[in-house]
Amino acid sequence: PMMKQFYDLKDKHPDCVLLFRCGDFYETYGEDAVVASGILGITLTRRNNGAGGCGQLEMAGFPFHALDTYLPRLVRAGQRVAICDQLEDPKLAKKLVKRGVTELVTPGVSYSDTTLQQKENTWLACLHFGKREVGVSFLDISTGEFLVAEGTADYIDKLLVNFAPKEVLYLRGK
């Protein structure tokens with residue numbers, strides 16, 4: 001049941017490393033565990049996946065109180081991170097502890113002192129491709145700065161190089 005809960009949440013956030021709170025640890029499973037262990041330098045292990053040992057699943061984790069140490073490293077490595085916490089006291093839960101994603105942290109949308117670089121902007125860019133021109137907006141959520149521009153693809157490319165956004169959003173498959 002716990003792994004079903006993990007996979008249900010992962011399905012809602014497929015492009016994120018899902019940090020799944022289990023007691024005193026944040027755990028990651030499968031490909032997320034492989035990615036996290038490589039970036040964080042933590043041990044990659046395996047666990048049985050479900051009743052009867054129906055295969056092995058990669059797993060990596062760290063103590064929950066070390067989140068402020070490990071989260072910035074994931075974000076600075078360009079990862080989108082979904083933090084899944086226990087939503088009820090495990091001692092009061094009758095069955096499986098309710099869990100849910102309580103925070104999404106991405107390279108462009110972070111305002112925590114632990115993930116921001118103090119001496120540089122943390123730009124989030126958004127692109128819109130028109131028939132002849134490209135529109136771009138830049139937002140730094142930590143300072144509130146918001147800028148917009150439009151022009152040729154070459155002009156927008158120069159802006160992107162100069163602003164060096166941490167994350168770029170665009171509409172897929174119109």
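The values are calculated or read from the model by the stated rules, or taken from the named source; none is laboratory data. All figures in this text were calculated on a predicted structure; none of them were measured in a lab. Positions of Cβ are generated from backbone atoms using ideal geometry, with glycine treated the same way; all protein chains shown enter the neighbour counts. These accessible areas exclude ligands, DNA and RNA; they are computed on the full protein's heavy atoms, side chains included. Shrake-Rupley method; radii C 1.70, N 1.55, O 1.52, S 1.80 Å.
Between 9, 67, 108, the Cα set farthest toward the positive side of the dipole of the chain (charges on each charged residue's Cβ, about the Cα centre) is that of 9.
Tally Lys/Arg at +1 and Asp/Glu at -1 over every other residue whose Cβ is under 12 Å from the Cβ of residue 32; what's the total? Write down the numbers at each step before the final one.
Numbers: positive: 10, 80; negative: 15, 27, 31, 58.
Its environment carries a net charge of -2.
For residue 137 and residue 85, a Förster radius of 41 Å and the Cβ-Cβ distance give a FRET efficiency of 0.85, rounded to the nearest 0.05. Summed over the residues of the chain and divided among them, the accessible surface reaches 62 Å² per residue at a probe radius of 1.4 Å.
Karplus-based coupling profile of the range 91-98, in residue order and whole Hz: 5, 9, 6, 6, 10, 6, 5, 5, with θ = phi - 60° in 6.51 cos²θ - 1.76 cosθ + 1.60 and x standing for Gly or Pro. The candidate values are [x] 59, 36, 30; [y] 52, 33, 30; [z] 64, 32, 24; the one derived from this structure for Cα extents along the principal axes in Å carries the label [x].
As a fraction of the 1.4 Å probe accessible area of the range 1-49, surface on carbon and sulfur atoms comes out at 53 percent.
Which residue, 130, 100, 78, has the most motion in a Gaussian network model of the chain that connects Cα atoms within less than 10 Å? Fluctuation is largest for 130. Surface calculation, 1.4 Å probe, protein heavy atoms: residue 4 sits at approximately 130 Å² accessible. Residue 141 exposes around 70 Å² of accessible area when a 1.4 Å probe is run over every protein chain in place. Ignoring aspartates and glutamates fewer than eight residues from residue 131 along the same chain, the ones with Cα atoms less than 16 angstrom from its Cα are 150, 154. In terms of distances greater than 27 angstrom between alpha carbons, the cross-link table entries 10/91; 10/166; 4/91; 98/166; 10/95; 12/166 yield 98/166.
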